[in-house]
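The values are calculated or read from the model by the stated rules, or taken from the named source; none is laboratory data. Only a predicted model underlies this, so the values are computations on that prediction, with no experimental measurement involved. So basically every Cβ, Gly included, is an ideal-geometry build from the backbone, and we count neighbours across all protein chains shown.
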Amino acid sequence: MIESLLKQLDIAPVMGQFHPLWSLCLPPNVIIARSAKKVAEQLDGRERHEERPILITEYTPAFAERFSTYHLRDCPPAELMNRVLPLRVNTEHYLLTHKAIGQRIISDTRQHAYETVILILVDGLSYDDARQWPHPVTPCLIDAPTITFARSNSDKILPDVGFPAIIGKLSIARHLAQVGLPHSRGYSYWEREQNDVSSFLFSGMPLQRVRGITEAISLLRQTNLRGTYVQIVREGTDGLAHRRREVTSAEVGATVDAVLDDLQELVSLLVENGRPAALYLVSDHGILWKHQHALQRLPDENSAHVRYSWERPLDPSSASPISTSNGSCYLYHYPFIGRQIPANDSGTHGGLSYWESIVPFVHVEVNV
């Protein structure tokens, strides 16, 4: 499939409908554009333009005679993604990343004048788990260690890894207060004083400890949500991966279905409120399940973590360096591990793979 597309791109611009992840599978020199009209105007203009292949991702029938057409609507195979991720994670790409989500939410709110915004932060959920959901699901690339949080050498929470990278140094709540949502509410399993990660994630907003998202939804039903930003932490598949020796595919599926049920209940709540609103959902990382993958222990490697290391690996070809505010972190390529998975764990994460590094980003609008 990809070979045929590359041949056409070498000849002339190609227009079609493409799954977003195909952008990672193309050579870095390919220009990815949305508008066929703008590409045509640039090519017809007097100004010089780069002699580079151009892929147009917004199919426009009026330009079908001008540009070759090719469609790749399905997600690329996982095997292909695992081969290209080490090559592309440190290069320019066109995918949404964790670090861009906060600005995306702020920009959407300003543009559409949402009166209520809800963000669900799911601990452990792969794009592959959610891509068939009945809501728009965008793949989000984690260009960092695929973990919930990390600490600096001075034991401070890193602002560019895991959930903190989504929230940002100046929290989403504080930004939204400046664009029309002066109120905010946070719900988590942990109180601010008990957990410095929660303190970072819920900076600048009230935080209430709840036993689970069901309790949070019940409290929201009793609340006037006009002008309010709501942020909820929900456990996902991470709760199955650790301190569980054996987990079945049925258990994983049931957990994913439960996350979807909660998302749909919150959407219904926003519909009932009758005001312009949006719900967002994103996770911190996906999971590699021990029973599904033949993971290979790297000889002579003794990392403190299964799928990533803060020390340069003995074999540089086994991992990709990722820049963080704490220096370089090395993400092991699939299927390598730097140490054995703990016997009590059924899954792992932290490295670079389709299942760990690509997570779902869901955006649902109501009453707009």
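Values as computed for the structure displayed
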read-out: Which listed residue is within 18 Å of residue 142 (Cα to Cα), of a type outside the set (S, T, N, Q) and in contact with a Lys or Arg (Cβ under 8 Å, 6 or more places away or on another chain), from 80, 24, 87; value: 24
read-out: Given (1) more than 20 Å from residue 142 (Cβ to Cβ); (2) at pLDDT 95 or above, number of the condition residue 51 does not satisfy; value: (2)
read-out: Selected residue (criterion: surrounded by the most Cβ atoms within 10 Å (Cβ to Cβ)) from residues of the range 250-263 that are in contact (Cβ under 8 Å) with a residue 12 or more places away in the chain and more than 23 Å from residue 206 (Cα to Cα); value: 259
read-out: Verdict on residue 243 being surrounded by fewer than 16 Cβ atoms within 10 Å (Cβ to Cβ), within 21 Å of residue 162 (Cα to Cα) and basic (Lys, Arg); value: yes
read-out: The range 162-221 - residue that is among the acidic types (Asp, Glu) and in a helix (DSSP H, G or I) and, of those, surrounded by the most Cβ atoms within 10 Å (Cβ to Cβ); value: 196
read-out: Selected residue (criterion: farthest from residue 23 (Cα to Cα)) from residues of the range 34-61 that are surrounded by 10 or more Cβ atoms within 10 Å (Cβ to Cβ) and acidic (Asp, Glu); value: 41
read-out: Sole exception among (1) without any contact (Cβ under 8 Å) to a residue 40 or more places away in the chain; (2) in a loop (DSSP other than H, G, I, E, B); (3) within 30 Å of residue 151 (Cβ to Cβ) for residue 224, by number; value: (3)
read-out: Count - residues of the range 108-149 that are touching a Pro at 6+ places or on another chain (Cβ under 6 Å) and assigned to a strand (DSSP E or B); value: 2
read-out: Residue match in the range 122-129 (condition: in contact with a Gly (Cβ under 6 Å, 6 or more places away or on another chain), more than 17 Å from residue 358 (Cα to Cα) and among the small types (Gly, Ala, Ser)); value: no
